[in-house]
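Working notes, structure below.
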Amino acid sequence: MVVDIIVFVAQLHDRRDVFWIFRGTEMTKTAATTDVVELGDFRSPARVLAGCFLRSRDKWKRKYQDLKSELKRYQVRVHDVTQSRERWREKAEAKERELAALQAELQTLQRLVGSPPSEPQKKGACPRLLAVLEA
C-alpha cells in the first residue's frame, strides 16, 4: 500500500509566504515529488502552521518508531520460541533413540537368557530393572 508521506521541511530563506512540502512513498532524504504551497492557501499564520507541521511530523515519527520497536519485539519472541522448540525436539528425539536402544538391548538379553519376550510393560517401568528382577 502506497502512503503519501507529507513532511514539512522548512520555510524558504527570503520568502516567508512559501513552504516546501515533500511528498513521497518512502522515508528518504530525497522525495518523489515536491509541491510549493502558498501560505495564502491557509488562513492560519505561518508560525502556527510551522508548529502544527512539526508536531504532526513528530507524532508520525513516534508512531512508526513505536511500531518498529513492537515489530522487533515480536521478531525476537518468534526467534526465541523457535529456538526453544528446536531444543525440545532434539531432547525428545534423543529420548526416543535411547528408548529404542534400551528396547533392543532388552530383546537381546531376553534372547540370550532364553526366556520368551515379556508382555509390554506398564508406563514408567524401567526395562533394565524388570530384567534384573525377573532373572
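The values are calculated or read from the model by the stated rules, or taken from the named source; none is laboratory data. Since we're looking at a predicted model, the values are computed, not measured. Positions of Cβ are backbone-derived with ideal geometry, glycine not excepted, and every protein chain shown enters the neighbour counts.
Key figures
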item	result
From Arg111, Arg85, Arg97, residue being farther than 30 Å from Ala131 by Cβ and either aromatic (Phe, Trp, Tyr) or at pLDDT 85 or above (or both)	Arg85
Search result, residues across the stretch 18-69 that are at pLDDT 75 or above and in contact with a Lys or Arg (Cβ under 9 Å, 6 or more places away or on another chain)	Ala46
